[in-house]
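**Q** Following this message is one structure expressed as structure tokens.
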Amino acid sequence: MSALVQREAAEIREEWLGRALSTLPADRPAAEAAISELYHRIGLAPPRFHWVPSPVGALTTVPPGVRSRPSKAAAHTSEWPLPPRFSALMRELCRGLDAQVRWVHQPMDRLIRQEVRSSLSRSTNGSLLIPVRAAHDAQSYPGSGWYGTQCVSWIAHYDALRRAAGVVFTPEQTRQLDLWAAAARSSGWWWPHEDVCVISERPVAVHTEVWGDDGEVRLHCADGPAVRYADGWDVYSWHGTQVPSWVITDPSVQRIAAEGNVEVRRCAIEHIGWASYIGQAGLRLVAAAPDPGNPGSELRLFDMRKETRVLLAVNGSLERDGRRRRYGLTVPGFFDDPIAAAGWTYGLSAEQYSLLVRRT
């Protein structure tokens, strides 16, 4: 029975992931109807709707009827009066749904929570939240509290419980869950004001890669923006890390040297390829040795920057494409022995690392 539920839960997870990453135009009537009913659930009349082409449009423009003042800043959504009320409505619904699950369906709930909710949450963090973070000022991004309320992961969890595990919710609980589900599958992110609700259209292009064992995805595109909206706003990403456009379109040794962010530097070097980067940058080879943790491969230690060296190694396990990735690890500049440097990256001494049969 659990194998059948697990298979159905995985199908529901993929269904909701597809909806979350959809690039189809928003179903505006459906989104407005669902959000209007959610307004009604917290005791408010339906708002006027202000549609924008992208999250950055929502966070940099003031919709008609909304006065621009500090409390309205998108960076402070937690201080707005409505997001906490909607989040409280969602939490109350979840408590009621959990009460229906308790005791009888707990084993199924644990399975679906892992197969559906946790997996979709990881995919959301690696894809949908990246454009929102990019739209916010990096210094004032408020976290994902309000965005977590809109996330499909919790909706898919309860949807899978009723569809795959046969959990029966009350008519009122079903109605509320369907409202949140309709809003999530009909449009992009939304930001509620007292009289006006701002809603973003979906992107027109989304590029992801599978990186997790349960089909989790993250933003990645090696030759252009990973996310693009109709107004031209876009976001570049290298294996789930947001990067400046030059990392994808024109990486160079000079730009890498001038970049202060270590993660951005790493992504740019990976895009060029560690071996190519080392050659282009003219890094001096300090020493080389057979890799005892990866028989048949070699460790090569190079000078990189002041007090920093880079260890070039080959991954001990195959990538999804069947190849072994060559990668670089920065190590302290006092290492002269590549084996000692490799051991240091694992918290081991050179002697301990030398005894490894094979690393992964």
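**Q** Any idea what angle helix 2-20 forms with the longest principal axis of the chain, computed on alpha-carbon atoms, 0 to 90 degrees, nearest 10?
**A** Computed tilt is about 90 degrees.
**Q** Which one of W190, L179, L120 is farthest out on the positive end of the charge dipole of the stretch 120-199, using unit charges on Cβ (Lys, Arg +1; Asp, Glu -1) and the Cα centre as origin?
**A** Of W190, L179, L120, it is L120.
**Q** Quick one: pull the percentage of alpha-carbon pairs in the stretch 216-319 with a separation above 16 Å. Could you put the intermediate results ahead of the total?
**A** Working: 3439 of 5356 pairs.
Cα-Cα pairs in the stretch 216-319 separated by more than 16 Å: 64 percent.
**Q** What does the accessible area per residue of the stretch 166-207 come to in Å², with a 1.4 Å probe and no ligands, DNA or RNA counted? Before the final figure, lay out each step's value.
**A** On the way: 1430 Å² over 42 residues.
Computed with neighbouring chains in place, this is 34 Å² per residue.
**Q** So, with +1 on the Cβ of K and R and -1 on the Cβ of D and E, and no other charges, what is the size of the charge dipole of the chain about its Cα centre, to the nearest 20 debye?
**A** Values: 40 positive and 39 negative charges, 59 e Å.
Taking the Cα centre of the chain as origin, the dipole is about 280 debye.
**Q** If you don't mind, another one. What ranking do 328-334, 161-167, 228-234 get when scored by the average of other Cβ atoms within 10 Å per residue, highest first? The partial results should precede the final answer.
**A** Values: 328-334: 15.1, 161-167: 19.0, 228-234: 17.4.
In decreasing order of mean packing, 328-334, 161-167, 228-234 become 161-167, 228-234, 328-334.
**Q** With n ≥ 4 as the cut-off for DSSP H runs, can you work out [θ] at 222 nm for the chain, using -39500 (n - 2.57) per run divided by the number of residues, rounded to the nearest 500? Working shown, then result.
**A** Numbers: 16 runs with 158 residues, N = 360.
That comes out to -13000 deg cm²/dmol.
**Q** Right, next: Sorting check: for 124-133, 342-351, which peptide has the highest mean count of neighbouring beta carbons within 10 Å, and how do the rest follow? Can you show the working numbers first?
**A** Numbers: 124-133: 21.4, 342-351: 15.9.
Final packing ranking: 124-133, 342-351.
**Q** Can you figure out the FRET efficiency of V314 with S22, using R₀ = 35 Å and their beta-carbon distance, to the nearest 0.05? Please list the in-between numbers first.
**A** Numbers: r = 39 Å, r/R0 = 1.10.
Plugging the Cβ-Cβ distance into 1/(1 + (r/R0)^6) gives 0.35.
**Q** Separate question: Using 12 Å as the cut-off for backbone N distance, which residues of the stretch 16-55 belong to the label zone defined by a point 7 Å from the Cα of D214 along Cα→Cβ?
**A** What the label zone holds, given the 12 Å backbone N cut-off, is no residue at all.
**Q** Sticking with this one: Tell me the carbon and sulfur percent of the accessible area for the stretch 191-236, rounded to whole percent, probe radius 1.4 Å. Don't jump to the answer; show the numbers that get you there.
**A** Working: 780 of 1810 Å².
C and S fraction of accessible area: 43 percent.
**Q** Roughly how much of L59 is accessible, in Å² to the nearest 10, using a 1.4 Å probe?
**A** Here the residue's solvent-accessible area equals roughly 40 Å².
**Q** Then there's this: Can you give the charge dipole size of the stretch 202-341 about its Cα centre, rounded to the nearest 20 debye, using +1 on the beta carbon of Lys and Arg and -1 on the beta carbon of Asp and Glu? Mind dumping the intermediate values first?
**A** Numbers: 16 positive and 19 negative charges, 59 e Å.
So the dipole magnitude of the stretch 202-341 works out to roughly 280 debye.
**Q** Just to verify a number: what accessible area does S276 come out at with the full protein assembly present, 1.4 Å probe, Å² rounded to tens?
**A** That residue has around 60 Å² of solvent-accessible surface.
**Q** Also, quick follow-up: Can you figure out the FRET efficiency of E263 with T174, using R₀ = 51 Å and their beta-carbon distance, to the nearest 0.05?
**A** Details: r = 44 Å, r/R0 = 0.86.
Once rounded, the FRET efficiency stands at 0.70.
**Q** Need the full-extension length gain, Q106 to Q352, defined as separation in residues times 0.36 nm minus the C-alpha distance. One decimal, nm.
**A** Extending this stretch completely gives an extra 84.1 nm.
**Q** Connecting C-alpha atoms closer than 10 Å in a GNM of the chain, tell me which of V206, V52, V253 has the biggest fluctuation.
**A** V253
**Q** Let me have the relative contact order for the stretch 97-200, percent, based on Cα pairs under 8 Å that are six or more residues apart.
**A** Details: 62 pairs, mean separation 32.2, N = 104.
That works out to 31 percent.
The values are calculated or read from the model by the stated rules, or taken from the named source; none is laboratory data. Everything numeric in this text was worked out from a predicted model, so none of it was measured. Here the Cβ is made from the backbone with ideal geometry for all residues, glycine too, and neighbour counts use every protein chain on show. With ligands, DNA and RNA removed, areas are computed over all heavy atoms of the protein, side chains included. Shrake-Rupley method; radii C 1.70, N 1.55, O 1.52, S 1.80 Å.
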